[in-house]
Amino acid sequence: MNELELVASLRDEVPLTASARIESAVQAEIVASRQHAADRGRRYRAARPGRGPASRQVLRPVIAGALAAAVGAGTYAGIQLSGSAGHAGQHTVAWSGRPTAPWPDTAHPSYGRATSEAQLIAYVTRAADAMPGRAPRPDEWVAVKTEAAHSAEGEGGYLFGPPDKRQIELAWIRGDQCASASIPPLPATTAPATTITGTLSVTTTGYYGPGCQGTTLGGWKSVTYSYLDSLPTDPVALEDVLAQNAGPDFAGDRSVVIFQAIDALLNDGEMDGVVVPTKLCAALYRVLQQLPGVQFESATDLAGRQGLGFSIVLEGYFMKELVIDPNNYTFMGVKDVAIRDHVMSGTDGTRYIKAGQVLGWAALLGQAIVEQPGQLPS
Amino acid sequence: MSEGPPVLSHDQEVAWRASASAPPGRAPTADDDATVIRDSLSDPEQFAVLVHRHAAAITRYVTRRLGADAAEDVAAETFLVAFRQRASYTGDGRVCLPWLYGIATRLCHRYWRSETRQLRLLARTGADPVIEPFTDQVESQVAASAVKPRLADALSRLPKAQRDALLLQAWADLTYDQIARATGVRIGTVQSRISRARRRLREQLADINPGRMNEGDLR
């Protein structure tokens, strides 16, 4: 019995029954809604005599929109298929574009290809001064393109087998971090010239619904641009902030705690639409440069791109590597690899991890601020 | 180790087009939840059909999370919210349960502290206040195996988003895609949350001897 089956068995004594009061409550709401509609209709007719009955609001899902203006290089079109104004929730729009085509990089200046830590930090510091970046406005969207590895042998906290399946995901997170949109994942083998016609799901419910607090990330108390931009750039002071923001998940050696706080921000955060100010990136690299136990070496991300890697050994048996783009100095991926054989005993038995086994692998292929969900940078 | 991705045909590559809709080749029927919801827009009484169909499942899910005291109110409110928002329903045509589970999960957050407190009580004492109404007291005490309190402790420590995703998979039988739609996040985020939650559970339960574990350990 594995851990998922254990959870599934917990409290299964609870019977599959429902109270009649639930049906009564909904029935009362239905009656009230009919009465409300009737009253509203009467008021309308009274206010506008001679115009005939007010037209009933059409709530049936309809094609309510028209082709939106093409944005950028004609890579995006939106047609609202369903949903209704005034209702928070989800709606779907038609989407067409080239999901795997490379994005232009106009937001990050390059001063040459960095080959050492010192060069990387020097170049990214110059880049932060020249083009500091900006916060997305609340009505703008952060487009994120990612690639992740999966295994046909399954996953349960890590890949149980070879990373034999790679998927591309496109997502858009609104600047206020309270709405998101995405298209379904598709194989990474999709040719860049392939135009896909499908659907874009836009969500303003769930975590993005009323009362939304924005993106939450590990122990970080905030991941808004203004908060991140306010953090100290002095490495010692920033280390203290990072240690405090690692959250309860990450205990142990201070270097490990700080590394994982950076991992949470760059890896989980940027892949979830968090925009990290360039000057903070520069400061984070400085922290990594002087953090005991962190190695610096060349690295390759999931998409096969050559980069610079900051890595650290975690739990004594695997290495987590943060890969940085040597040309524009941004985060571009993460890789977890076992460095020695390891036996992991779980509730579903014992699994044997071999040295060299890839436990997790993902790449950030692009992040850009755009005006609308579904829009690709041009 | 082979890391080369499989070569897929163009048809396979664009197969995601149909992902959010009814199963391919299957036309909507009058019994489909989506049809009932659509019909309820002009004839609200139709919505009662959905309540009749799904109230037991939603009640059981909420009861397992919060206990019987809060469950009835939360389950009823789930359907009231769904009724008010039914015009925006765009989910799977046949069964709207993922949508309802998503609403219920959101409403459960109001009782987050109570939910966590009950899990910690189970972890500390071995007695589960949630199942007490459904079992006699002696049985529920005897039920306290070594596994159950440890499991409750691990669940109580999960961040909110990870616990939601894990319980929607384990207790509501939702797929990653359905959880993504229910909670309004990307499928990759769901995978990450469940992956982290499972990894943490594996670590916290690692010293339990799998050879000695069977279904009875949880009862």
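No lab work stands behind these numbers, since they all come straight from the coordinates. Here the structure is a predicted model, which is why all the values come from computation and not from measurement. FYI the Cβ positions are ideal-geometry reconstructions off the backbone, even for glycines, and counts take in every protein chain you see.
Residues B:VAL51, A:VAL142, B:VAL95, arranged from fewest to most other Cβ atoms within 10 angstrom of their Cβ, appear as B:VAL95, A:VAL142, B:VAL51.
What is the sum of charges, Lys and Arg at +1 and Asp and Glu at -1, for the other residues whose Cβ falls under 9 Å from the Cβ of A:GLN367? Numbers along the way, then the final one.
On the way: positive: A:LYS145; negative: A:GLU270.
Result for the neighbourhood of A:GLN367: 0.
Listing A:MET332, A:MET319 from fewest to most neighbouring C-beta atoms within 10 Å gives A:MET319, A:MET332. If R0 is 22 Å, the Cβ-Cβ spacing of B:ARG94 and B:HIS52 corresponds to a FRET efficiency of close to 0.85. A simple spin-label model places pseudo-atoms 7 Å from Cα toward Cβ; at B:GLU45 and A:ASP176 they are separated by 4.0 nm. Each label point was placed 7 Å from the Cα along the Cα-to-Cβ direction; for A:THR195 and A:ARG351 their separation is 4.2 nm.
Globularity index of the range A:306-346 is 1.41 (Cα radius of gyration / 2.2 N^0.38 Å, N = number of residues).
If R0 is 22 Å, what FRET efficiency do you get for A:SER226 and B:LYS160 from their C-beta distance, rounded to 0.05? Provide the component values of the computation, followed by the final result.
Values: r = 24 Å, r/R0 = 1.09.
It comes out at approximately 0.40.
Just order A:307-316, A:20-29, B:149-158 by mean Cβ neighbour count inside 10 Å, highest at the front, would you? Intermediate results must be reported in sequence, preceding the final value.
Values: A:307-316: 19.2, A:20-29: 16.1, B:149-158: 20.7.
Descending packing order for the listed peptides: B:149-158, A:307-316, A:20-29.
Each 10 Å bin from zero up to the one holding the largest Cα-Cα distance in the range B:29-218 carries the following percent of pairs: 9, 32, 33, 18, 7, 1.
What distance in nm lies between label points placed 7 Å from Cα along the C-beta direction at A:ASP129 and A:ALA28? According to this spin-label approximation, the distance is 6.9 nm. Amide H contacts of A:TRP361: A:ALA149, A:ASP336, each under 5 Å away and 5 or more positions distant or on a separate chain (H built 1.01 Å from N in the peptide plane; Pro and chain starts excluded).
With the cut-off at 30 Å, tell me which of the pairs A:LYS279/A:LYS354; A:LYS221/A:LYS279; A:LYS354/B:LYS160 have Cα atoms farther apart than that.
Details: A:LYS279/A:LYS354 39 Å; A:LYS221/A:LYS279 20 Å; A:LYS354/B:LYS160 33 Å.
Distance filter (> 30 Å) returns A:LYS279/A:LYS354; A:LYS354/B:LYS160.
Counting Cβ atoms of other protein chains within 10 Å of each Cβ in A:187-200 and taking the mean gives 4.
For each of B:ARG65, B:ARG200, count neighbouring Cβ atoms within 10 Å of the residue's Cβ, then give the residues from fewest to most.
Numbers: B:ARG65 27, B:ARG200 20.
Listing B:ARG65, B:ARG200 from fewest to most nearby Cβ atoms yields B:ARG200, B:ARG65.
Taking a sphere under 13 Å around the Cβ of A:ASP176 and counting the other residues whose Cβ falls inside, with K and R at +1 and D and E at -1, yields a net charge of 0. Counting Lys and Arg as +1 and Asp and Glu as -1 over every other residue whose Cβ lies under 10 Å from the Cβ of A:ARG21, the net charge comes to -3. Between the range B:61-129 and the range B:151-199, the alpha-carbon centres lie 14 Å apart.
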